[in-house]
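Report on the following structure.
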Amino acid sequence: MNALPCTIYISFTGALLALVAGIRSAATARVVALLTALTSFGVTLMAAMDFVPGPGLQTLINHPWIPQLGIRYHLAADGISMTLIVLTGIAAVAGILFSWNIEERAGEFFAFFLTLIGGVYGVFLSADAFTLFVFYEIAIVPKYFLIANWGSTNREYGAMKLVLYSFAGSALVLAGLLWAYAAGGAHSFGIGDLAAAARHFSPALQTGMFALVFLGFAVLAGLFPFHTWAPTGHVAAPTAASMLLAGVVMKLGAYGCLRVAMPLFPLGLAFWQPAIAGLAIVGILYAGLVALVQDDFKFVIGYSSVSHMGFVLLGLAAANAQAVSGAVLQMFSHGVIAGLLFAVVGRMVYERTHTRQLEDLRKMPLHRLMPFAAATFVLAGLASMGMPGFSGFPAELTILIGTWKTAPMWALAAAVGVPVAAAFTLRVIQVSFFGSTEAKAVPATAVHPLPPITLAEKTGALLLLGATLLVGLKPDLLFDWINPALQSPLFQAMFKGGTP
Amino acid sequence: MSPDYLELLHALMPEAALVIGALVVLGFDLVVAKRDTLEERMNSSVTIGALSIVAALWHTVRAGAFGPAFGGVLNFDHLAVAARGGVLVLALLTLLLSAGTAHARHGAEYVAVILFATVGFTLMAAAQQLLLAFLALELASLSLYVLAGFDKSRPASAEAGLKYFLFGGMAAAFLLFGFSLIYGLTGSIELPQIAAQLAHQGMSPLLVVALVMVLVAFGFKASAAPFHLWAPDVYEGAPVSSAALIASASKLAGFTLFTRLLWPGFGIVAGIAPTAHVWAGWVPVVLLLSGSSLFIGNLGALAQTNVRRLLAYSAIAHAGALLLGVVVAGRAGPGPLFYYAATYGLATVGAFGVIGVVAKAGACQKITDLAGLHRRSPLLAGCLMIFILSLAGVPPLAGFFGKFAVFAAALQLGGLASPVGWLVFLAIAFSAVALYYYLVILKQALVTAPAADASRIAVPAPAAITLAAAALMLLLFGIFPSLLLGMF
């Protein structure tokens with residue numbers, strides 16, 4: 001358990017090592033990166049073994065960092081952070097397996113990749129708002145280089161848009177946090193201390209601070225109408241980067257909302273709750289409908305991410321224990337499933353067929369050319385639709401039930417999103433993999449045999465599929481971590497609208 | 001006042017080391033190195049110059065803060081020691097970078113003038129009397145005019161020198177006029193006496209005129225809008241290491257000098273004391289300068305295609321944030337301001353150093369001249385990434401924490417819903433805009449493929465070590481800001 005901070009240091013060290021190894025050869029860099037990711041994943045699993053769920057954050061390290069400003073290097077974990085750290089470990093390993101074919105500037109690629117991962121681990125472990133913010137920004141900048149250097153369609157535009165949105169969001173967060181810090185007497189950035197200080201703020205002050213911090217984080221979580229960076233960014237990114245973007249980076253935003261914005265300013269949350277829920281529902285439906293009419297395979301997945309993240313935001317906005325625990329489970333679930341979907345589209349299909357246009361894919365008998373990819377995608381699609389047995393089902397169900405308790409109308413409206421998700425998923429499965437089922441439609445001789453699916457890809461896909469199935473069949477694995485965490489005084493005060 | 005010259009000698013050992021170093025550089029070049037090649041003469045001059053700066057640095061650190069000296073003309077408080085250390089380090093980096101990049105003709109003169117400018121900077125950092133402040137400022141400025149126009153083979157350099165001189169001369173005239181009015185009002189040129197007199201007199205129309213004149217000179221030195229017009233031309237035209245010195249050490253010394261004038265000297269008429277309800281004083285003017293610099297710097301930078309002009313506009317934008325640091329220095333102390341100015345200087349020297357090395361291997365005017373730097377020299381590309389990201393304020397680099405400390409202190413003056421708070425919000429919002437133009441540079445350096453005729457760049461060893469050291473310092477001070485903040 002106490003070794004968890006090592007995940008951060010291992011990742012940053014691994015980034016340096018991969019950079020150096022890249023001078024030798026791409027293969028060395030790959031191996032170094034994989035070993036790094038596996039080591040930190042191993043540390044995570046070991047910590048998960050002896051993790052005792054309980055209310056409140058369990059401190060891992062708490063050290064004065066910048067005493068002049070009362071900033072402490074305070075890392076801690078509870079069930080929510082554990083869930084997301086395990087997700088990060090899975091996503092990192094899978095991401096590296098799916099970028100096994102990167103040859104050009106591989107050392108730099110994995111250096112940026114592991115820097116991002118280190119930042120993500122750091123965010124999920126921070127119990128000090130300053131520490132969290134620093135790691136949050138460390139996770140932003142590498143995305144630009146990952147996308148702009150190794151991306152595909154319109155990569156420089158997509159990379160710039162994504163990074164500027166993220167950075168603008170974090171600027172809002174910084175303004176809000178500094179405001180709260182200064183108004184609270186400038187003693188500490190500890191989340192608990194800030195929350196204690198914020199109790200004495202006027203409702204108007206809390207409302208303003210909450211708006212800045214929540215909106216800033218929610219930009220990265222894909223809150224409508226600030227979601228437009230997500231589809232373009234996902235499409236432009238190389239496979240591993242889109243897996244990370246959808247898999248963990250969007251969760252950073254949601255996590256920031258849950259860990260910082262909501263407990264700190266419960267009165268602000270109470271004020272903005274309907275607006276956030278409304279935007280989340282619009283996001284679910286709008287992004288789902290947009291996904292229904294895309295021509296580009298990857299755009300479908302990109303918009304589906306926005307739609308699924310809408311559920312997370314809705315669960316957070318509902319602000320009761322059940323909805324929030326569903327939202328956290330949905331973060332995990334979507335992280336795994338979106339990663340898998342992007343892996344199939346970006347790596348298995350696009351890099352073999354060199355097209356993502358659904359019209360072109362329709363003409364190829366992909367289910368026969370790459371049965372493994374087709375089967376994986378069908379399973380991932382089912383998981384994404386929220387089929388029982390996969391992790392998406394308990395997550396979305398819990399969110400909807402929890403939301404119902406706060407406002408039945410929200411749950412009803414959001415539930416419409418479920419069939420929409422089924423519709424766009426089924427459409428894309430049908431068109432891309434089973435477009436031409438008749439053998440006659442395409443003569444076998446006209447189709448170039450595609451390179452077979454590699455071992456690395458299969459391992460990665462099985463890892464992600466296993467995770468979604470395991471949690472789908474036994475969601476209590478994670479609920480037993482998440483629910484006690486939500487019993488902490490900070491969250492309980494938040495659920496009660498600021499009255500302790 | 002009974003002058004104690006022994007005490008003065010002791011206090012000014014660093015300056016003595018620099019002046020002796022400059023004279024040795026000139027003498028050595030004239031007598032010993034006459035027959036060497038230009039390159040060798042430049043190298044020996046840089047070596048001697050660097051040694052004298054190291055000696056000065058050693059004296060500064062060893063002496064530490066010992067308070068007023070020479071009857072209060074100089075004040076060696078913590079700020080003075082930190083700022084002297086800062087300008088010496090920045091000057092040292094500039095000098096080492098100039099070894100491989102500067103125009104090699106008249107190398108000894110170039111190094112000597114850099115050392116004289118540094119003497120001006122270190123005196124500026126400690127001056128506590130108007131006359132000495134003005135003399136130190138002029139010593140530094142005159143040296144910088146010469147440095148800006150040093151490259152006689154390029155008309156752009158002459159233009160830079162002339163423009164800098166004309167603007168600077170005008171600013172100096174304003175400053176002197178302002179000083180004379182203050183002397184007339186208070187009967188003293190010593191800051192403590194001036195402060196005492198002003199506490200007695202309060203605001204008067206003549207004082208307003210005097211303050212405005214001082215602030216004009218400050219605006220010029222800080223390259224704050226609307227006194228920024230010289231900056232893009234000088235940054236573009238001056239030899240690279242001169243521009244680096246103007247952008248880094250000169251900024252740090254200037255901000256130290258004017259912060260000392262404004263707070264200990266005229267702090268009583270600042271106009272932002274928590275009890276004062278009337279906004280009359282110099283703080284509102286500085287806030288105005290800060291806001292306009294943020295606007296003009298950030299928006300102007302968006303339109304630049306020349307990398308040096310872009311750095312100039314970025315300097316104007318940073319001046320806006322630094323001016324906020326001056327405003328907060330009254331309450332939070334000079335720590336945040338010094339941290340910001342010093343680390344900004346480091347990043348700027350580094351960025352100019354990279355430009356200098358690239359320019360030696362070809363042209364480095366347009367941003368596109370940096371294309372494919374990751375292929376041409378991975379070291380330069382990596383260092384440039386750190387410098388630019390630090391300028392952009394991305395953690396864990398020092399540039400982020402500088403902004404953070406200044407903004408945190410500024411918000412304590414009145415929350416986000418006060419004029420200072422609006423300015424902070426503006427500055428934070430502009431940091432997202434700024435990231436765009438910084439990423440435009442990094443896109444060329446790290447993403448775009450090199451031009452067809454671009455070759456690998458051989459980085460001279462001193463430059464490579466200096467750049468790596470600057471990058472490491474930015475990382476170190478960014479992760480452990482207390483190293484610098486703890487000096488106060």
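The values are calculated or read from the model by the stated rules, or taken from the named source; none is laboratory data. These numbers come from a predicted model, not from an experiment. We place every Cβ from the backbone using ideal geometry, glycine too, and count neighbours over all the protein chains shown.
Data overview
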quantity: Flag if B:Val89 is in contact with a strand residue (DSSP E or B) (Cβ under 8 Å, 6 or more places away or on another chain), surrounded by 20 or more Cβ atoms within 10 Å (Cβ to Cβ) and not hydroxyl-bearing (Ser, Thr, Tyr); calculated: no
quantity: Near pairs, Cβ below 6 angstrom, 6+ apart or cross-chain, from the stretch A:227-254 (on the phi < 0 side of the Ramachandran plot) to any residue that is among the hydroxyl-bearing types (Ser, Thr, Tyr) and outside any helix (DSSP H, G or I); calculated: A:Val235/A:Thr153; A:Ala236/A:Thr153; A:Ala240/A:Ser99
quantity: Among (1) crowded, with 24+ Cβ neighbours inside 10 Å; (2) within 23 Å of B:Leu397 (Cβ to Cβ) - the single one B:Ala381 does not satisfy; calculated: (1)
quantity: Options A:Ile80, A:Ile96, A:Ile102, A:Ile117: the member that is under 13 Å from the mean Cα position of the chain (by Cα) and more than 11 Å from every other protein chain (Cβ to nearest Cβ); calculated: A:Ile117
quantity: The one condition in (1) touching a helix residue (DSSP H, G or I) at 6+ places or on another chain (Cβ under 7 Å); (2) in contact (Cβ under 8 Å) with a residue 40 or more places away in the chain; (3) within 30 Å of B:Gly486 (Cβ to Cβ); (4) surrounded by fewer than 17 Cβ atoms within 10 Å (Cβ to Cβ) that A:Leu75 fails to fulfil; calculated: (4)
quantity: Of residues in the stretch A:58-74 being out of contact with any Gly (no Cβ under 8 Å at 6 or more places or on another chain) and away from chain B (no Cβ under 14 Å), the one farthest from B:Phe477 (Cα to Cα); calculated: A:Gln58
quantity: Residues located in the stretch A:164-200, provided they are without any contact (Cβ under 8 Å) to a residue 24 or more places away in the chain and more than 7 Å from every other protein chain (Cβ to nearest Cβ); calculated: A:Gly184, A:Gly185, A:Asp193, A:Ala196, A:Ala197, A:His200
quantity: Candidate set from the stretch B:232-249 (those that are out of contact with any Gly (no Cβ under 9 Å at 6 or more places or on another chain) and surrounded by 24 or more Cβ atoms within 10 Å (Cβ to Cβ)); member that is farthest from B:Ile182 (Cα to Cα); calculated: B:Tyr235
quantity: Test: residue in the stretch A:31-46 that is within 14 Å of chain B (Cβ to nearest Cβ) and out of contact with any strand residue (DSSP E or B) (no Cβ under 8 Å at 6 or more places or on another chain); calculated: no
quantity: Given (1) at pLDDT 90 or above; (2) buried (at least 24 other Cβ atoms within 10 Å of the Cβ), index of the condition A:Ala275 fails; calculated: (2)
quantity: Check on A:Phe224, away from chain B (no Cβ under 13 Å), surrounded by 22 or more Cβ atoms within 10 Å (Cβ to Cβ), in contact with a Cys (Cβ under 9 Å, 6 or more places away or on another chain) and within 20 Å of A:Tyr255 (Cα to Cα); calculated: no
quantity: Selection status of A:Ala204, within 10 Å of chain B (Cβ to nearest Cβ), surrounded by fewer than 23 Cβ atoms within 10 Å (Cβ to Cβ) and not in a helix (DSSP H, G or I); calculated: no
quantity: Candidates A:Gln294, A:Gln322, filtered to the one that is in contact (Cβ under 8 Å) with a residue 12 or more places away in the chain and outside any helix (DSSP H, G or I); calculated: A:Gln294
quantity: In the stretch A:179-201, the residues that are on the phi < 0 side of the Ramachandran plot, of a type in the set (A, V, I, L, M, F, W, C) and not in a helix (DSSP H, G or I); calculated: A:Phe189, A:Phe201
quantity: Single residue of A:Glu156, A:Glu108 found to be in contact with a helix residue (DSSP H, G or I) (Cβ under 7 Å, 6 or more places away or on another chain), closer than 30 Å to A:Val43 by Cα and either among the polar types (S, T, N, Q) or within 8 Å of another protein chain (Cβ to nearest Cβ) (or both); calculated: A:Glu108
quantity: Which listed residue, of B:Gly300, B:Gly330, B:Gly345, B:Gly325, is within 23 Å of A:Ile66 (Cα to Cα), surrounded by fewer than 24 Cβ atoms within 10 Å (Cβ to Cβ) and more than 14 Å from chain A (Cβ to nearest Cβ); calculated: B:Gly330
quantity: Condition check for B:Val61: surrounded by fewer than 16 Cβ atoms within 10 Å (Cβ to Cβ), touching a residue at least 24 places away in the same chain (Cβ under 8 Å) and outside any loop (DSSP other than H, G, I, E, B); calculated: yes
quantity: Odd one out for A:Phe217, checked against (1) crowded, with 23+ Cβ neighbours inside 10 Å; (2) touching a residue at least 60 places away in the same chain (Cβ under 8 Å); (3) away from chain B (no Cβ under 13 Å); calculated: (2)
quantity: Checklist (1) in contact with a Gly (Cβ under 7 Å, 6 or more places away or on another chain); (2) assigned to a helix (DSSP H, G or I); (3) not aromatic (Phe, Trp, Tyr) applied to A:Gly346, failing item; calculated: (1)
quantity: Residues within the stretch A:456-480 that are surrounded by fewer than 19 Cβ atoms within 10 Å (Cβ to Cβ) and either on the phi > 0 side of the Ramachandran plot or β-branched (Val, Ile, Thr) (or both), tallied; calculated: 1
quantity: Boolean, B:Ala319 is out of contact with any Phe, Trp or Tyr (no Cβ under 8 Å at 6 or more places or on another chain) and assigned to a loop (DSSP other than H, G, I, E, B); calculated: no
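Here's the yes/no breakdown for (1) touching a residue at least 24 places away in the same chain (Cβ under 8 Å); (2) within 8 Å of chain A (Cβ to nearest Cβ); (3) farther than 16 Å from B:Val358 by Cα:
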residue	(1), (2), (3)
B:Pro395	yes, yes, yes
B:Leu411	no, yes, yes
B:Ala432	no, yes, yes
B:Pro450	yes, no, no
B:Arg456	yes, no, no
B:Val459	yes, no, no
B:Ala464	yes, no, no
B:Leu467	yes, no, no
